[in-house]
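The values are calculated or read from the model by the stated rules, or taken from the named source; none is laboratory data. The shown structure was predicted, so the numbers you read here are calculated from the model rather than taken from an experiment. Keep in mind that these areas ignore ligands, DNA and RNA; they rest on the heavy atoms of the full protein, side chains included. Shrake-Rupley method; radii C 1.70, N 1.55, O 1.52, S 1.80 Å.
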Amino acid sequence: DSGMQEPRFHTKDDRTREDKALDLYCSHLHERYASYQYQFVMSVTKLDDMEGVDAMIYRDKDPLCYAEVKGVNKNIDDAVTVPLSIRKMHNIEQFIKGTQSGYPPLKAVVIWAFRDGIGYRGYDKLTGFFKSGGSGQSVTRVGALYDIEQMAYIEKQHLRLVKYKEIG
């Protein structure tokens, strides 16, 4: 049981940023693997908003990993840490373990979408600290169950950083 499902507070801009971040991640992986002798195609399938993670990444037709994209409303250079909620970590773990109905166990990557690029790390490699946090709303919004919650903070130095202009 994945617990309560909440509506995402996603705007069109959030979705555009998410798509752009996923595209950059796939381009970056493609470049990193380009030295291999075979050609392959990276692709992304967005999962339903209520599923618990944002997307599944494929290499050719094979599922490679799950991806969760978190928006960071600043440039890479202006961030010291990036947030990830403990609840979101629990969701990701359901997918990794294969306990999310209908989804195979696969690794997962968390991608933080900054204004000028992305930072990412495999979920199993994340290290950080946690404290109470959330959306920063002092008044809980109707329908938003998670305005105040336990948050993990990962140091930017632990992420692989790619700026948008770095990919050809």
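Odds and ends about this structure:
- The residues of segment 65-130 present an accessible area of 46 Å² per residue when probed at 1.4 Å with all protein chains retained.
- Full extension of the chain between Asp124 and His90 yields a length gain of 11.0 nm, computed as 0.36 nm times the residue separation minus the alpha carbon distance.
- Of Lys20/Lys46; Lys97/Lys163; Lys97/Lys156; Lys12/Lys165; Lys74/Lys107; Lys20/Lys74, those spanning more than 20 Å from alpha-carbon to alpha-carbon: Lys97/Lys163; Lys97/Lys156; Lys12/Lys165; Lys74/Lys107
- Extended-chain gain in nm, criterion 0.36 nm per residue less alpha-carbon gap, His30 and Asp77: 14.5 nm
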